[in-house]
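Worksheet: the structure to be examined is printed underneath.
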Amino acid sequence: MKTQYYTAASLDGFIADADNSLDWLHQFDMTEDYPDFIRDVGALAMGSTTYEWILANLSRSNTDHLRLWPYEQPTWVFTSRSLPTLPSADVRFVSGDVRPVHEQMVTAADGRNIWLVGGGELVGQFHDYGLLDELIVTVASVTLGGGAPLLPRAITMPPLRLITARTYGNAFVQLHYEVPRKRE
Ligand SMILES: NC(=O)c1ccc[n+]([C@@H]2O[C@H](COP(=O)([O-])OP(=O)(O)OC[C@H]3O[C@@H](n4cnc5c(N)ncnc54)[C@H](OP(=O)(O)O)[C@@H]3O)[C@@H](O)[C@H]2O)c1
């Protein structure tokens, strides 16, 4: 069981542009590895901007099939606000300390991985408590010049450990890193 931050980013380190748009990403065919990745996921966590982006995107879809909540696994949404839900979605709203939430996620995942969907600051909160095991970042061949940061934390000594680097077509490089444990 691993806690993984799996996301796509621009070459200059942003996961959404300054308007919270992903149009820069959706111009491409998505990477081929997602079905294998999601098969091993047992629980998800995301911040409210990401959650609201998914809801808005679903409501823009023009077929019933695409209007459904896309995840079968339980999803924890971090927010200090009261947000709408979808009848088909197993979504749990939480706020504050990520540690008790992570414990609940581990139990629910039952041996499968935990997917930290984003954004970067929320993932940083998990990292602050040593709860982030891996980063899987698919870097697209665009720069955004600003927007939502990939991971606004300094991870330098020890550095991340590169496990694999794969290319997908002529637009993506996927970098899979392990987060080293700090020496006591
Ligand atoms: N490229 C990709 O693959 C990818 C992946 C994921 C996301 N995205 C995009 O990237 C952007 C990320 O947005 P973002 O940086 O604003 O991050 P976010 O994590 O989606 O949302 C941040 C919000 O989550 C809530 N939050 C975070 N930590 C909390 C805590 N401990 N307790 C309570 N609430 C907490 C706060 O909102 P409240 O005001 O609700 O309290 C905070 O303003 C979105 O546009 C999303 O669609 C892209």
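The values are calculated or read from the model by the stated rules, or taken from the named source; none is laboratory data. This is a predicted model, so every value here is computed, not measured. Here Cβ is always computed from backbone atoms with ideal geometry, including for glycine, and neighbour counts include all displayed protein chains. Only protein heavy atoms, including side chains, enter the accessible area calculation; ligands, DNA and RNA are left aside. Shrake-Rupley method; radii C 1.70, N 1.55, O 1.52, S 1.80 Å.
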Quiz item: For the residue pair Asp12 and Gln27, what label-to-label distance in nm results when each label sits 7 Å from Cα along the Cα-to-beta-carbon direction?
Solution: 1.4
Practice problem: For the chain, calculate the relative contact order in percent as a whole number, restricting contacts to Cα pairs under 8 Å that are 6 or more residues apart. | Solution: 34
Quiz item: Just how far, in whole angstrom, is region 1-61 from region 140-184 if you go by their alpha carbon centroids?
Solution: 15
Practice problem: With the Cα gyration tensor of region 1-127 in hand, give its eigenvalues times 5 under a square root as the equivalent ellipsoid semi-axes, listed largest first in whole angstrom. | Solution: 22, 18, 16
Quiz item: How much mean residue ellipticity at 222 nm does the chain get from its helices, if each DSSP H run of length 4 or more adds -39500 (n - 2.57) and you divide by all residues, to the nearest 500 deg cm²/dmol?
Solution: -6500 deg cm²/dmol
Quiz prompt | Using θ = phi - 60° and Karplus 6.51 cos²θ - 1.76 cosθ + 1.60, couplings along region 50-58 (whole Hz; Gly, Pro as x) | solution = 5, 4, 5, 5, 5, 4, 5, 5, 5
Quiz item: Which FRET efficiency, nearest 0.05, do Asp36 and Ser88 yield, Cβ-Cβ r, R0 25 Å?
Solution: 0.55
Practice problem: Determine the order of Thr107, Thr3 by accessible area, beginning with the largest, at a probe radius of 1.4 Å. | Solution: Thr107, Thr3
Self-check item: ³J(HN,Hα), Karplus 6.51/-1.76/1.60, whole Hz, each residue of region 115-120, x for Gly, Pro
Solution: 9, 8, 7, x, x, x
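Rg/Rh for region 87-180: what does it come to with C-alpha atoms and Rh from Kirkwood?
0.99
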